[in-house]
């Protein structure tokens, strides 16, 4: 299975930006260092409902939260029935592009910001 990733920070919602603290405690030399909480993926998925996208090839969209390089990354995982293998005769970059545009439009309409979009086959 081949995954495609796309940067989505350009549609990060104002609401998500407002939730980011102005000064990080890690920036202060006297602040204690706090490790990232270890939360099971099932708990995060249960707390974040999936995004509804009206597109024939979108089988589902899930939210994903990961901690990398000292920062939280918000992701969308799009499950599709489209071929993601460029060597396949069924592969269509145009169809994938239309699907991505539908996901981006739905995320904007819902005010759902994200840093990374991952597309996976069902």
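The values are calculated or read from the model by the stated rules, or taken from the named source; none is laboratory data. Since the structure is predicted, the reported quantities are computational estimates derived from the model, not experimental observations. So basically every Cβ, Gly included, is an ideal-geometry build from the backbone, and we count neighbours across all protein chains shown.
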## Note on the structure
For the range 93-109, pairs from a residue that is on the phi < 0 side of the Ramachandran plot and surrounded by fewer than 14 Cβ atoms within 10 Å (Cβ to Cβ) to a residue that is modelled with pLDDT of 95 or more and not in a helix (DSSP H, G or I), with Cβ under 9 Å and 6 or more apart or across chains, are 93/86
### Qualifying positions in the range 56-80 - more than 16 Å from residue 118 (Cβ to Cβ) and not in a strand (DSSP E or B)
56, 69, 70
### Query
Pick from the range 91-116 the residues that are part of a loop (DSSP other than H, G, I, E, B) and either at pLDDT below 95 or in contact with a helix residue (DSSP H, G or I) (Cβ under 6 Å, 6 or more places away or on another chain) (or both): which of them is farthest from residue 53 (Cα to Cα)?
115
